[in-house]
């Protein structure tokens, strides 16, 4: 006779499996970029509390493994950064049911804010972690140079007008872009990919607790003033050559632009979710969006278009439900 496992036992087993998968992906070579997705699965398939239990268990297991390898500054900083990323993503996927109101803002704001915390946490890791991370970054820069030179038909074309292409030049360029919002954009994309992977897996579950549909997201109306101010700060920092103005301005502008990008994507998803849209057309549209975002140059145009669409909704109400009878004047 088969043994009946109570529902609570199945939930605990699922949470433990998500926690183990998080640590295994993070410390292994198989799909390490998706180590946050199991925490999202715990949130969407079980509950917010389940996601936080899975995150706490993952933090404990990762700490034990780190201590097992010996005490070192690099190991401690990596563990702290793992904790920062894990807790930030857990907050984005599963906001606490109680506590201050700012902890329960919309999913998009939580995701971008968590990504900002993650990007800021890279600074002490890069400064104090020693030569290991810098050696890894240098090897990645050399790989970029090798790939760039292999694409050039003529080796002379691989040399930029200003001189020889070197790992130091690539590292300086990468650092400059990262400081000016590149790190924030990368972290936000990392969070979004893991969230979407968790959403796809949770489709197979009857329960989708805590999942908030991004098609309903609206950026705060006052964000447009913050975005405008950031552009003025960037202009002032560039004209007067003041990096301490330009760098914060770029990060603030990228923060606002990501929120408007999500809002623009929400507008597209809103129209695709209309009941009169055929299911086959929705499926083809989603496949087309994936192809577009994976296509160089085209994806940049698409992302820019979605961002402008999100900004335009400050003045044009794209997502107004259809009403029967005469239209009423929208309220401001």
In which sequence would 297, 123 go, from the one with the fewest C-beta neighbours within 10 Å to the one with the most?
-> 297, 123
When every alpha-carbon pair in segment 13-63 is counted, what percent end up more than 15 Å apart?
-> 33
Equivalent-ellipsoid semi-axes of segment 264-311, from the Cα gyration tensor, Å, largest first = 20, 15, 5
Potential extension, residue 143-residue 67 segment - 0.36 nm per residue separation minus Cα distance | 24.1 nm
Against the 2.2 N^0.38 Å rule of thumb, the C-alpha Rg of segment 200-315 sits at a ratio of 1.32
Fewest to most Cβ atoms within 10 Å: 298, 53 sort as 298, 53
Counting other C-beta atoms within 10 Å, which of 86, 66, 238 has the fewest, and how do the rest follow?
-> 238, 66, 86
Taking r as the C-beta separation of residue 228 and residue 316 and R0 as 22 Å, the FRET efficiency to the nearest 0.05 is 0.80
Highest to lowest packing among 93-106, 178-191, scored as the average C-beta count within 10 Å = 178-191, 93-106
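Rule-based calculations on the coordinates, nothing more; no lab input. None of these values were measured; they are calculated from a predicted model. Backbone-built Cβ (ideal geometry, glycine too); neighbour counts: all protein chains shown.
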